[in-house]
Amino acid sequence: MLPPAVPSRPPACARGCASNQVTSLRLYRKLEGKGFRPDHAAEVDVNRPELSNICDYIVCGTRCTLVEPEPDSIKRIQKLCEQYKNITLYPVAAYDFNGELELSQRHESTYVSEIKNSPAVVNDGYVPVPEDRFTARAVTFDAVDDGTIDLLSIDVEGSEWFVIKHMTGRPSVISVETHGKRYTNPHLEEIRIWMADEGYALWYKGKTDSVFVKKGSIAVSLLDRLHLLVTDLYLKIRMLRKGMRYRSR
């Protein structure tokens, strides 16, 4: 485990600052458009760091915390750490207990083996096999979260709720994988209730993620709400079509 690293942030993080290691993603661009720039960004389950939701903040010198249990992904992040000293890596799985945890990996999807309705299973029809399983150290997220994270991205293939319920702080922005093709997060109701109770509003949805903002941190405009309505309709139609195609096989 790397020691905590608090970098000196540059005065500005210009849009399009990505290097050849990382590419600018939608979350970064939308937050820049709102004038929001985090002091501490974190991502749980990174896989390929060049595709991370917070990759641009890594390049821009923002303090970044990455949580990743899969050995090959850990090696990729460690390589990136050689260039970017503002990264703190936790080579663990964030889950509901502290101890050993069995995970399964299917291509770029790593999930807790006991979860039977992960995106890989629901969308791709993946049938778990022993050779895809590995064991990693699991911790509750309060072992990682020092309370200063103000941008959190969680993409743990069905275990997102177990990260959220153990948070120490209350980030201004939380991106959560909630849907995709025929998949719906198995703990979506718990996530929605927690967000409402803790004062978060749904800002926008992507193809797989829902992005929530702490009320008072980012203004959700009327145009944002209209875009969300259109996106919701599109996602429902898309899911219906995917389900019909799957059943017709």
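What follows draws every value from the coordinates through simple rules; no lab data is involved. Just so you know, these numbers come straight off a predicted model, no measurement behind them. Cβ placement follows ideal geometry from the backbone for every residue including glycine, while neighbour counts extend to all protein chains displayed.
By the gyration tensor of its Cα atoms, with a ≥ b ≥ c the square roots of the eigenvalues, what is the shape of the range 91-249: rounded for a/c under 1.5, prolate for a/b over b/c, or oblate? Intermediate values should be presented prior to the final figure.
Working: a/c = 2.67, a/b = 1.08, b/c = 2.48.
It is oblate, given that a/c is not under 1.5 and a/b is not larger than b/c.
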If the cut-off is 14 Å between C-alpha atoms, which aspartates and glutamates fall inside it for LYS75, apart from same-chain ones fewer than 8 positions away?
ASP45, GLU50
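Multiply the residue gap between ASN117 and PHE134 by 0.36 nm, knock off their C-alpha separation, and tell me the result in nm, one decimal place. The partial results should precede the final answer.
Values: separation 17, 0.36 × 17 = 6.12 nm, distance 1.84 nm.
Length gained, ASN117 through PHE134: 4.3 nm.
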R0 of 25 Å, Cβ-Cβ distance LYS215-ASP146: FRET efficiency to nearest 0.05:
0.60
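Counting pairs of alpha carbon atoms under 8 Å apart in space and at least six apart in sequence, what relative contact order in percent does the range 40-143 give?
On the way: 169 pairs, mean separation 26.4, N = 104.
Over the range 40-143, the number comes to 25 percent.
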Centre separation in Å (Cα based) which lies between the range 170-246 and the range 27-79:
20
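Can you give the calculated 222 nm mean residue ellipticity of the chain, where each DSSP H run of n ≥ 4 adds -39,500 (n - 2.57) and the sum is split over every residue, rounded to the nearest 500 deg cm²/dmol? Can you show the working numbers first?
Numbers: 7 runs with 73 residues, N = 249.
Rounded to the nearest 500, the figure is -8500 deg cm²/dmol.
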Using the number of other C-beta atoms within 10 angstrom as an exposure proxy, rank TRP203, TRP161 with the fewest first.
TRP161, TRP203
So what is the relative contact order of the chain, in percent, for Cα pairs below 8 Å that sit 6 or more residues apart?
15
Quick one: 3J(HN,Hα) in Hz for the range 133-144, Karplus 6.51/-1.76/1.60 with θ = phi - 60°, rounded, Gly and Pro as x.
9, 8, 10, 9, 6, 10, 9, 6, 5, 5, 6, 9
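Which links in LYS205/LYS242; LYS165/LYS242; LYS116/LYS181; LYS214/LYS236 stretch past 23 Å when you go from one Cα to the other? Let's see the in-between values first.
Numbers: LYS205/LYS242 18 Å; LYS165/LYS242 31 Å; LYS116/LYS181 17 Å; LYS214/LYS236 26 Å.
Where the Cα-Cα span goes over 23 Å, the pairs concerned are LYS165/LYS242; LYS214/LYS236.
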